[in-house]
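Working notes for the structure below.
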Amino acid sequence: MSLPLTVAFALGLAAHVLLANAFPSPWWVPDLSLVVLVIVVARVPDRWLSLSWLAGVFKMTWAVRFPGQILVSTLFVGWVVQALSRRLDTTDPRTEWLIVGLASLCLTLGALWVEELWTVPLMGLAVVHVSLTVLAVPLARQVLRAL
Amino acid sequence: MRRSRVLALNILLLAGVLVLQEPVRRNALVLLRLPFTLTAGTLRVLMTLPRLPSLSQENERLRAELVQRELETAQLRESLRRAQEDHALLEAVPGPHGVTAAVIGRSLIPTQQTIWLDRGSRHGLTLDSVIVEANGVIGRVLELHPASCFVLLLTDPESRIAGLVERSRETGLLVGRGRGLCELIYLDDSADIEEGDRVVTAGLGGPFPKGLLLGTVVRVFRNQATGAAWASVRPAARPGRLEHVLCLSPSP
């Protein structure tokens, strides 16, 4: 894997932690780990397993509940991205947006489902979280281009 | 006729000077002093010229010293702020004292409301140690490591704390809802609770000692059909803005 992609991946994970510390609620923090996972795996699909493991373990360390589910879901996202990259151009901006949006939506709804948190305010916060994650895609692409 | 006009003018001038004596005096003094100021300034410049190289060096040294002093002042100010915070934390808790800890991380997972502290079992913390700040309860230790711990915030959906309405002594269970507000549940339809009531820990079992502030009631819901009531409670502590917290030692 090229150095810029490695740096972008590490920067994405570090930025996720920094943003989580800066914002008052985790709902307002875009899931940058997911964004960089999708973007990097789309470019180097052969490394999906190691990258997914890294992102999954990274997210899992912050989880006090359901760490296994979080790891497995992150691995699944990595697998899906590499599988899609063999059939279509996953580096296309619109495809990346779509994949990140769908993955974020599935992960967030899945988290609400396993935690049994189906309330209207939380659904609203989930929409905000997914939207922020999708909006972080062009920013991550720009950082990758700058590297 | 001419004399009287001059007299009038003089009187007018005198009155003007008397009324405006202070600015007039000040400006007059400036004008009077001007030649002396100019002479003294010229002399000073002439005398300073030979010392210019050393003055420049001294100026640089003083600038460096000023920067150093400013840095020291900033550090002292930060230390003072930290000391004041710690003091406020210790003052806030009447009972057992504990150790202060810094918040070093926050949850990346939206549905799990936790913070990560830089104190662990090595510093005397145990599972379920109560974490507070000057404003009120924050949560309890859920996951313990030697030098750090994860704290379950009272806003987390898994958080359950026995609460007591300070004014009316109604008891209920304060549960987190995964966002900014909590809910006080298991209240009777006729429970004496209203907006603005303070909710404190009831001390009914569990790790939380009685009387610690949990939050304030912002809305009460009553369901006559089921005979139940519940209240939205805004936590007193602001978990999103925490820097330092107090970890209470467990009761003996």
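Summary of values
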{"item": "Förster radius 56 Å - calculated FRET efficiency between B:Thr171 and B:Arg63, Cβ distance, rounded to 0.05", "result": "0.30"}
{"item": "Packing-based exposure ordering (other Cβ within 10 Å, fewest first) of B:Met47, A:Met60", "result": "B:Met47, A:Met60"}
{"item": "Chain B: C-alpha gyration tensor shape, a/c 1.5 cut-off, then a/b vs b/c", "result": "oblate"}
{"item": "Stretch gain in nm, segment A:Thr91-A:Gln69, where the contour uses 0.36 nm per residue and the Cα spacing is subtracted", "result": "5.2 nm"}
{"item": "Using θ = phi - 60° and Karplus 6.51 cos²θ - 1.76 cosθ + 1.60, couplings along segment B:125-131 (whole Hz; Gly, Pro as x)", "result": "7, 10, 4, 6, 4, 7, 10"}
{"item": "Area projected by the alpha carbon convex hull of the protein assembly as shown, averaged over all directions, nm²", "result": "40.4 nm²"}
{"item": "Angle in degrees between helix A:120-146 and the longest Cα principal axis of chain A, rounded to the nearest 10", "result": "20 degrees"}
{"item": "10 °C / 1.306 mPa s Stokes-Einstein diffusion coefficient of segment B:137-206, Kirkwood radius on C-alpha pairs, µm²/s", "result": "122 µm²/s"}
{"item": "Calculated log₁₀ intensity ratio I(q)/I(0) where the Debye formula runs over C-alpha points of chain A, q = 0.15, 0.17 Å⁻¹", "result": "-0.71, -0.93"}
{"item": "Label point distance in nm, B:Ser56-B:Thr226, each placed 7 Å from Cα along Cα→Cβ", "result": "8.3 nm"}
{"item": "Angle between chain A longest axis and helix A:48-60 axis [Cα atoms, degrees, rounded to 10]", "result": "30 degrees"}
{"item": "Three semi-axes of the equivalent ellipsoid, segment B:157-252, Cα gyration tensor, whole Å, largest first", "result": "23, 15, 12"}
{"item": "Cβ-based exposure ranking for B:Ser121, A:Ser2, in which fewest neighbours within 10 Å come first", "result": "A:Ser2, B:Ser121"}
{"item": "Length released on extending from B:Ala83 to B:Arg26, taking residue separation times 0.36 nm less the Cα-Cα span", "result": "15.6 nm"}
{"item": "Segment B:129-227: relative contact order in percent, alpha carbon pairs under 8 Å with at least 6 residues between", "result": "21 percent"}
{"item": "Pairwise FRET efficiency - A:Trp118 versus A:Gln142, Cβ, R0 = 45 Å, nearest 0.05", "result": "0.80"}
{"item": "Mean residue ellipticity (222 nm) of chain B, computed from DSSP H runs ≥ 4 via -39,500 (n - 2.57), nearest 500", "result": "-12500 deg cm²/dmol"}
{"item": "Percent RCO, i.e. relative contact order, over segment B:34-124, from Cα pairs under 8 Å lying at least 6 residues apart", "result": "14 percent"}
{"item": "Rg(Cα) / (2.2 N^0.38 Å) computed for segment B:92-237, rounded to two decimals", "result": "1.06"}
{"item": "For chain A, built as a Gaussian network whose Cα springs stay under 10 Å, the top-fluctuating residue of A:Leu112, A:Leu88, A:Leu49", "result": "A:Leu88"}
{"item": "Listed residues A:Leu117, A:Leu37, A:Leu102, most fluctuating in chain A (Gaussian network, C-alpha, under 10 Å)", "result": "A:Leu117"}
{"item": "Fewest-first ranking of A:Thr95, A:Thr108, using other Cβ atoms within 10 Å as the exposure measure", "result": "A:Thr95, A:Thr108"}
{"item": "CD proxy at 222 nm, helix term only [per DSSP H run n ≥ 4: -39500 (n - 2.57); per residue of chain A; nearest 500]", "result": "-26000 deg cm²/dmol"}
{"item": "Helix runs (DSSP H) in chain B reaching 30 Å along axis by Cα, Kyte-Doolittle at least -0.5", "result": "B:21-48"}
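Laboratory data are not the source of any read-out in this text; all were calculated from the coordinates shown. Nothing here was measured: the structure is a model prediction, and the numbers come from that model. Because the Cβ atoms are built from the backbone with ideal geometry, glycine has one as well, and the counts that use them run over all protein chains shown.
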